[in-house]
Amino acid sequence: QVQLVESGGGLVQAGGSLRLSCAASGRTFSSYKMGWFRQTPGKEREFVAAIGWRGSTTTYADSVKGRFTISRDNAKNTVYLQMNSLKFEDTAVYYCAANIDVYTGRESAEYAYWGQGTQVTVSS
């Protein structure tokens, strides 16, 4: 089992950058595949990015490709989401998620463990 805590959210102007962090508890973090999702009120949770357990395999939503970068540091039990060239439409609550058995990594149903979320607000 793993517990996840996100941080790094905040208010930023359009065109700016933020880096989200997700700290995981437990000694088996390197066994988990990790994902970032986001959600706005009234909408379903949306896939943003995912990373394999070694960090060498990544996948992104088309809407963030080229602007966001997911990475992980297994020694620190942490996964990151570097967000550059932020747009107003990136405003959302961002969640990190984890599971050992993940197929595509792009579906929220593939993940068993979730953090509490961190708010990202981009002003236009």
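The values are calculated or read from the model by the stated rules, or taken from the named source; none is laboratory data. The structure presented is a predicted model; accordingly, all values stated were derived computationally and were not measured. Here the Cβ positions follow ideal geometry from the backbone for every residue, glycine too, while neighbour counts run over all protein chains shown. Ligands, DNA and RNA are excluded from the accessible area calculation, which covers all protein heavy atoms including side chains. Shrake-Rupley method; radii C 1.70, N 1.55, O 1.52, S 1.80 Å.
Each residue in region 15-32 was checked for being open to solvent by less than 60 Å² (accessible area, probe 1.4 Å) and either farther than 20 Å from Ser85 by Cα or in contact with a Lys or Arg (Cβ under 7 Å, 6 or more places away or on another chain) (or both), and 9 of them qualify.
Would you point out the residue of region 110-124, among those that are assigned to a loop (DSSP other than H, G, I, E, B), closer than 23 Å to Val2 by Cβ and not hydrophobic (A, V, I, L, M, F, W, C), that is most open to solvent (accessible area, probe 1.4 Å)? Per the stated criteria, the residue is Gln116. Scanning region 48-68 for residues that are assigned to a strand (DSSP E or B) and under 16 Å from Lys87 (Cβ atoms) gives Val48, Ala49, Tyr60, Phe68. The set of residues in region 87-109 that are assigned to a helix (DSSP H, G or I) and more than 14 Å from the chain's Cα centre (by Cα) comprises Phe88, Glu89, Ala109. Residue check: is Ala75 open to solvent by 30 Å² or more (accessible area, probe 1.4 Å), in a loop (DSSP other than H, G, I, E, B) and aliphatic (A, V, I, L, M)? Against the criterion (open to solvent by 30 Å² or more (accessible area, probe 1.4 Å), in a loop (DSSP other than H, G, I, E, B) and aliphatic (A, V, I, L, M)), Ala75 qualifies. Residues in region 50-71 include none that are among the basic types (Lys, Arg), surrounded by 16 or more Cβ atoms within 10 Å (Cβ to Cβ) and closer than 19 Å to Val102 by Cβ.
Per-residue answers, yes or no, for (1) of a type in the set (Ser, Thr, Tyr); (2) without any contact (Cβ under 8 Å) to a residue 40 or more places away in the chain:
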site	(1), (2)
Thr40	yes, no
Ala49	no, yes
Thr69	yes, yes
Arg72	no, yes
Thr78	yes, no
Phe88	no, no
Thr91	yes, no
Ala97	no, no
Gly117	no, no
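Can you tell me how many residues within region 82-109 are open to solvent by less than 20 Å² (accessible area, probe 1.4 Å) and at pLDDT 95 or above? Count: 8.
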